[in-house]
Amino acid sequence: MSTSTNDKWARWLLHGRFADDPARRRSILTFLAPVRERVLDNAALSDGDTVLDVGAGDGLIAFGALDRVAPSGTVILHDISQDLLNHSRDFAETAGMLDRCRFIQGSAADLDAIGDDSVDAVTTRSVLIYLPAEEKAQAVREFYRVLKPGGRISLFEPINRFGHPEPDHLLCGYEVTPVADLAAKVRQAAEGRHPPEEHPLLDFDERDLLAWIEQAGFSEVHLDYKAEIIPRGWFEDWNAFLHAAGNPLDPTMAEAMAEALSSDEAERFSAHMLPLVDSRQGIQRMALSYLWATKPGEVPNPPAP
Ligand SMILES: C[S@@+](CC[C@H](N)C(=O)[O-])C[C@H]1O[C@@H](n2cnc3c(N)ncnc32)[C@H](O)[C@@H]1O
């Protein structure tokens, strides 16, 4: 096995998002299973297609795509993280699927290893959200460039702006009025690394996605936007609240508390938060977008057998 998890993406995707908490892992994977199926449905894949999965991570979408383009289709797994590509390569090898996979390291905003008009479908899930503002539209132009005429893009992105900024009386959806002074310090430590207006996770919404897709030249375009407010805390338990990282760019709650609070303050903050977290008395605000579109032009006929 060549897998190492030295880069921040591999550390987060394979470990940090789960906080080594089986309940957290289960609920994330349960949430993602239907997301994967919808992204793949929207890509309208069939046997023989070449699919490019951008920001492939540990292969959630890519290996699903590989099933759908079987027996002869191929999938190119593209990611900025060499560690994640190695991880996926190991998986593909063990599963006997290596001959239908390619692995390319690079940025989503510069797919220079992929030729013009060369793939039938591009898929991507929760990748644009991490690109700097100026690279998001550039990545969409690259998706367009590499697609064959008649090719499809299918993407999923969370729209984190929907939940931000939180009102002062909430932190991660939990009522913090009795510890408002401490919550303000923790919030500042959590957000201090990226002012909200410059944070890649917050600098776009579904209208930007649509605009980038249209401006790139896609013709038929579909967007499904789903927003939910659910009266149930985000985290399964106190361990997940403290240690699960929502993304690899921001500190965990435990890190923000350690940075912002004295030990007495941390004790007071925890005494208030723990019963709320463990009884799931919180609010989840979540917005998701599925977007799929077609590059104009005829799908070329396959060569006669
Ligand atoms: C939230 S994970 C999603 C992984 C996978 N698409 C999935 O559905 O599970 C984000 C992925 O984007 C990759 N990534 C981050 N920045 C990138 C960039 N500039 N170019 C390409 N991939 C990037 C990360 O390495 C990670 O694999």
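The values are calculated or read from the model by the stated rules, or taken from the named source; none is laboratory data. These numbers come from a predicted model, not from an experiment. Here the Cβ positions follow ideal geometry from the backbone for every residue, glycine too, while neighbour counts run over all protein chains shown.
Side notes on the structure shown:
- The set of residues from the range 92-119 being among the hydrophobic types (A, V, I, L, M, F, W, C) and farther than 20 Å from K8 by Cα comprises A92, A95, M97, L98, C101, L111, A113, I114, V119.
- Of the residues making up the range 215-254, those that are in a helix (DSSP H, G or I) and touching a residue at least 24 places away in the same chain (Cβ under 8 Å) are Q215, A216, W238, N239, A240, F241, L242, H243, M253.
- Single condition V179 does not satisfy, out of (1) surrounded by 16 or more Cβ atoms within 10 Å (Cβ to Cβ); (2) closer than 30 Å to P34 by Cα: (2)
- Considering residues of the range 273-289 that are assigned to a loop (DSSP other than H, G, I, E, B) and farther than 23 Å from D181 by Cβ only, the residue nearest to the chain's Cα centre (by Cα): R280
- Some residue of the range 16-27 being at pLDDT 95 or above and surrounded by 20 or more Cβ atoms within 10 Å (Cβ to Cβ): no
- The lone exception for A121 - which of (1) without any contact (Cβ under 8 Å) to a residue 40 or more places away in the chain; (2) surrounded by 20 or more Cβ atoms within 10 Å (Cβ to Cβ) it fails: (1)
- Residue pairs meeting the criteria (Cβ under 9 Å; at least 6 apart or on separate chains; first closer than 22 Å to W9 by Cβ and free of Cβ contacts under 8 Å to residues at least 60 places away in the same chain, in the range 130-158; second within 12 Å of the ligand (Cβ to nearest atom) and assigned to a helix (DSSP H, G or I)): E135/L128
- 2 or more residues more than 8 Å from the ligand (Cβ to nearest atom), in the same structural domain as M253 (by TED's automatic domain parsing) and of a type outside the set (A, V, I, L, M, F, W, C): qualifying helices (runs of 4 or more DSSP H) within the range 1-119: none
- Pair list, Cβ under 8 Å, 6 or more apart: the range 279-300 residue more than 30 Å from D120 (Cβ to Cβ) and hydroxyl-bearing (S, T, Y), other residue at pLDDT 95 or above and surrounded by 18 or more Cβ atoms within 10 Å (Cβ to Cβ): S279/G233
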